Amino acid sequence: MKEKLVAKINNLKKKKDAVILAHNYQEDEIQDLADYTGDSLGLSRKAANLEAETIVFCGVKFMAESAAILSPDKTVLLPQRNAGCPMAEMMSIDDLRELKTEYPEATVVCYVNSSAAVKAESDVCCTSSNAVDIVESLDSEKIIFVPDKNLGNYVAQKTDKEIICDLGYCPTHCRVKEADIKQVRDIHPEAKVVVHPECDPEVVKAADFVGSTAQIIDYAQKTDTEKIVVGTEMGILHKLQQDNPNKTFYILSQGLICQNMKLTTVSDIVEALENMNYQITVPKEIRSKAQEALNRMLKLSN
Ligand code: 13P
Ligand code: SF4
């Protein structure tokens, strides 16, 4: 059955001139049939440079929206209409405008896990892999950082600039507690603990390595350590295990599962390509401003 669906997808891809992008948190089978997998930054770059007419984005809405902003002439499909990111919905335009009024001299850095409208109100975007570099590259000494308080806090630890954080958070990464690290260190004292910067500050402080999903994948390949405890969404284990058959990976908490990332199925991709749904479009006035903020990020993180 699965093989039949995959064959169907391959035919439809040719017919519709489509490429499938999948985030590192997607279900194993979705990662396996994707043309490219990656973190938010890698997939944004890929989306901006693809020649294909259609992009099927297996991830959550803000990711497909970024692809649509960066590639306005392409058709961008999100196979699962309900795949959203709760963090991206935590900040409204009015909240951001209020912050800008309070700190008119500050530069606004917006994590890509945000709506297109919030990006359009920001000076530059960032992802978890380049947030520190982006903030450091700006002339301004005062930064409004939205919407993730934990990533903002992490950046604040790494720079001398003043970081004014918003209150957003990732419900998945916030399930990890410092006690989880203590417990795992008792059981596997020789293991390295790697976490995503969306985790709480105490968790980040107690970890051996902090990075985006692509940075964690890269770290795991380069380190000599054979046991690695992973503090990010468990979908990443698929690539980690594929790339490193001789290493052992443990998940830091069983709570590390993002329901939204798990919604997309192989049948959804077939339907998306057959019916060209669900098309992600961004109104022109929002798109051009959001595109400036995303392009500025891509330029600064080259
Ligand atoms: P990455 O950019 O590290 O892939 O992370 C995206 C994300 O949503 C983390 O929860
Ligand atoms: Fe959003 Fe967290 Fe899921 Fe990432 S893991 S998509 S930040 S809810």
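What follows draws every value from the coordinates through simple rules; no lab data is involved. Since this is a predicted model, take the numbers as computed values, not measurements. Backbone-built Cβ (ideal geometry, glycine too); neighbour counts: all protein chains shown.
Inter-label distance, Glu162 to Lys15: 5.9 nm, where each label sits 7 Å from its Cα along the C-beta direction. Here the Gaussian network model covers the chain, with springs between Cα atoms less than 10 Å apart; of Glu121, Glu98, Glu271, Glu98 fluctuates the most.
Give the lysines reachable from Lys8 as a straight Cα distance under 29 Å; neighbours fewer than 8 places away on the same chain don't count. Candidates past the 8-residue exclusion: Lys16, Lys46, Lys61, Lys74, Lys239, Lys262. Translational diffusion of the chain was estimated from the Stokes-Einstein equation, with Rh taken as the Kirkwood radius over Cα pairs; at 20 °C and 1.002 mPa s the coefficient is 109 µm²/s. Mean separation of Cα pairs under 8 Å and 6 or more residues apart, divided by the residue count, gives the stretch 173-257 a relative contact order of 33 percent.
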